[in-house]
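A short reminder: the numbers here are calculations on the coordinates, not readings from a lab. Bear in mind the structure is a predicted one, so any value in this text is a computation, not a measurement. Every residue, glycine among them, receives a Cβ derived from its backbone with ideal geometry; neighbour counts consider all protein chains shown.
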Amino acid sequence: MLKLSNKGLLIIAIILSFITTGLVYSYLKRTSNSQPKDTVSVVVAKVDIGPKTRITPEMVQVAMVPAPYLQPGGVQDPKEVIGAMSKEQIVVGEQVTARRIVVEGKSAGFTGLIPADKRAVTIGVNEVTGVAGFVKAGDFVDVIVTFDQNIVGDNVSQFVLQNVMVLAANREAEPGAVEQTSSNAKDKKELVKTSTVTLAVSPEEASKVTLSEEKGKVRLALRSFMQNADVSIAGSVTPKDIVGIHSSPVPDKQSGEPAPAPSAPPAAKQPVSGIQMIRGTKTEIVPIN
């Protein structure tokens with residue numbers, strides 16, 4: 001058996017170390033060449049972010065990912081994310097995309113148009129009650145309701161709300177008139193105008209509008225383009241307030257015809273000057289000429 005000296009063993013160890021170093025270098029070079037060189041920054045969730053959550057700087061961080069791995073709409077600037085509201089759940093490590101957040105000042109669909117302290121309530125209108133279709137989104141209106149005597153004991157109109165913002169008139173997908181085929185006409189098409197107006201109201205105002213539409217007739221009054229927040233003091237109005245009190249003839253119970261108007265009382269007799277004469281049981285006045 002060949003015995004190697006310590007010097008020989010040292011030489012062999014040095015040779016093996018060079019071989020190992022070369023192999024490692026070759027492997028790392030091949031690995032680096034196989035990966036894409038271009039990387040981009042993207043904002044990712046640092047913690048789990050729940051839906052409808054205001055995003056703070058502590059919730060996100062910037063990570064470098066290969067360019068092909070960047071998701072469509074991935075946000076690359078953290079300033080565009082901080083302060084925004086998440087639409088849905090974003091798990092830790094997941095890229096934050098523009099479609100999954102609501103940036104302040106931008107609409108999140110129709111719900112993004114509703115003020116934070118308001119609710120959207122839709123009422124049905126027609127050409128008359130809806131100001132002939134002139135009411136558009138962004139206008140301000142007053143809401144008037146009319147109840148008949150079966151509801152409150154007398155016909156009455158009242159301003160229910162004033163200075164209410166209009167969120168939408170009809171729907172953007174189906175503006176104006178909707179064409180439907182009349183069941184009574186075979187060769188004719190009749191335009192059926194279905195019109196709605198959506199208002200931004202408080203919860204208490206929403207209850208008033210709902211009850212007014214259910215039990216009465218609602219009409220809109222369009223306010224001026226030069227908008228102001230003034231509220232007019234207007235009380236309820238009844239027919240008596242407009243034309244006064246008028247008594248109607250009472251029908252006769254037997255004939256059903258209106259009873260004749262009561263005749264004026266007979267005029268009082270004027271006293272006659274003269275001499276009173278008593279003859280037996282009779283008394284008479286003899287005028288003096």
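Brief remarks on what is shown
- Net charge contributed by nearby residues that have their C-beta within less than 12 Å of Gln89 (K/R +1, D/E -1): 0
- The stretch 8-84: trypsin sites (Lys or Arg not before Pro) in DSSP loop, at most 16 other beta carbons within 10 Å: Lys37, Lys46, Lys52
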